[in-house]
Amino acid sequence: MKEQFDFGYPWWISYGHLVVVVIAAAFLALGHARKWSKVPMLLLSAVLLWSTAAFVAARFVLNVNGRSAMPTQNFIPSGKGRVLDMGAGTGRSSIMVLEARPQTTLVALDLFGESYDEHFGPGASPQERLLANLKAAGVERRVTIQAGDMRQLPFKSAEFDAIVSSYAVDHLNRDGVQKSLAEADRVLKPGGELLLMLIAKDPWLQFTFGPLLLHGGTRGLPWWTSRLQEAGFQVVKHGMRPATLYMLAHSGSASEVR
Ligand SMILES: C[S@@+](CC[C@H](N)C(=O)[O-])C[C@H]1O[C@@H](n2cnc3c(N)ncnc32)[C@H](O)[C@@H]1O
């Protein structure tokens, strides 16, 4: 059925703060009944306030189990072409591009291995879960699902007009990042576009989850700019979205950073 997505991120990312809300509220009620002193009551009120606000931010601002919005309209401005999603997972980034650019086709590539299981847990086969979400979005006819490693892409050179990769390359170590960006540059046509979305240490993430969920998020814009340049890319735009650093780069073309 249309619109029934299951992107499979763990429940606690969206709803975990509610557990804290319930516990803090229960202790506040107990403290009120037993007339506890001001200090613990104030502390409990602060925890209740934070957990309520963090729940709203996690569920409705970060919204990892909902649709993802394109961070920039400058990605694939022609609106058409063949796109690769490196680390497609359960399809959130693929659907983001396919819906925003209805004349594109896309290859959804993922290793479907340990990292997939860590993020999305057990269930139907990874390919089936991905396909179910593509069908829910009504875009499945424009997609090919392919198992493969982004550090050694199973494609010929210059096969793609654009590549998207969201919250995937930043799971790799430095060597893995360098290999996958070099591969991205290889399989893109000259001047092809790469949209990277990376977990970023921003106020939203720090407020809701502190150091949790950061993985490669401490590397920052200069680090990623250097890796992209080493791989032959020119960064043409970058910016922040909640919990996200995005970078738009062109393969082998010279353009100014905005
Ligand atoms: C956090 S998920 C992101 C999924 C999706 N892009 C999104 O935005 O929701 C990271 C994905 O990268 C995949 N991945 C990790 N290492 C990979 C590799 N070397 N090659 C291909 N995919 C990989 C994992 O299997 C996982 O599905």
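We did not get these values from a lab; they are worked out from the coordinates using the rules stated. Since the model is a prediction, treat every value here as computed from it, not as a measurement. When we count neighbours, we look across all protein chains shown, and the Cβ atoms used for this are built from the backbone with ideal geometry, even at glycine.
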- Item | Whole-Å distance, taken between Cα centres, linking region 67-134 and region 161-221 | 15 Å
- Item | Order of THR52, THR104 under a 10 Å beta carbon neighbour criterion, fewest first | THR52, THR104
- DSSP-defined antiparallel bridges as percent of all bridges, region 80-251, nearest 5: 45 percent
- Taking Cα pairs closer than 8 Å and at least 6 residues apart, the relative contact order of region 11-61 in percent is 60 percent
- Gained length - GLN73 relative to LYS35, 0.36 nm times residue gap less alpha-carbon distance: 8.1 nm
- Message: At 7 Å along Cα-to-Cβ for each site, give me the label-to-label distance between GLU159 and ARG141 in nm.
- Response: 2.4 nm
- Please give the peptides 232-244, 177-189 ranked by average Cβ packing (other Cβ atoms within 10 Å per residue), highest first, as a rough proxy for protection. 177-189, 232-244
- Item | Within-13-Å neighbourhood charge of LYS201 [Cβ basis; K, R +1; D, E -1] | -1
- Message: Can you pull out the trypsin sites (Lys or Arg not before Pro) in region 1-88 whose DSSP state is coil and whose Cβ has at most 13 other Cβ atoms within 10 Å?
- Response: LYS2, ARG34, LYS35, ARG67
- Query: By the scheme Lys and Arg +1, Asp and Glu -1, what is the net charge of all other residues having a beta-carbon under 15 Å from that of TYR167?
  - Reply: 0
- Message: Can you compute 3J(HN,Hα) from phi for each residue in region 9-16, using the Karplus curve 6.51 cos²θ - 1.76 cosθ + 1.60 with θ = phi - 60°, rounded to whole Hz and x for Gly and Pro?
- Response: 5, x, 4, 5, 5, 8, 10, x
- Note on the structure: Spelling it out for VAL236: with amide H atoms placed in the peptide plane at 1.01 Å from N, the residues 5 or more places away or on another chain with amide H under 5 Å from its amide H are LEU248, ALA249, HIS250
- Given R₀ = 41 Å, FRET efficiency for LYS80-PHE207 by Cβ-Cβ distance, to 0.05? 0.55
- Message: Could you derive backbone 3J(HN,Hα) for region 48-62 from the dihedral phi with the Karplus parameters 6.51, -1.76 and 1.60 (θ = phi - 60°), listing whole Hz in sequence and x where the residue is Gly or Pro?
- Response: 5, 4, 4, 5, 5, 5, 5, 4, 4, 5, 5, 6, 10, 9, 6
- Query: What spacing in nm lies between the two simple spin-label points modelled at SER125 and GLN152, each 7 Å away from Cα in the Cβ direction?
  - Reply: 2.3 nm
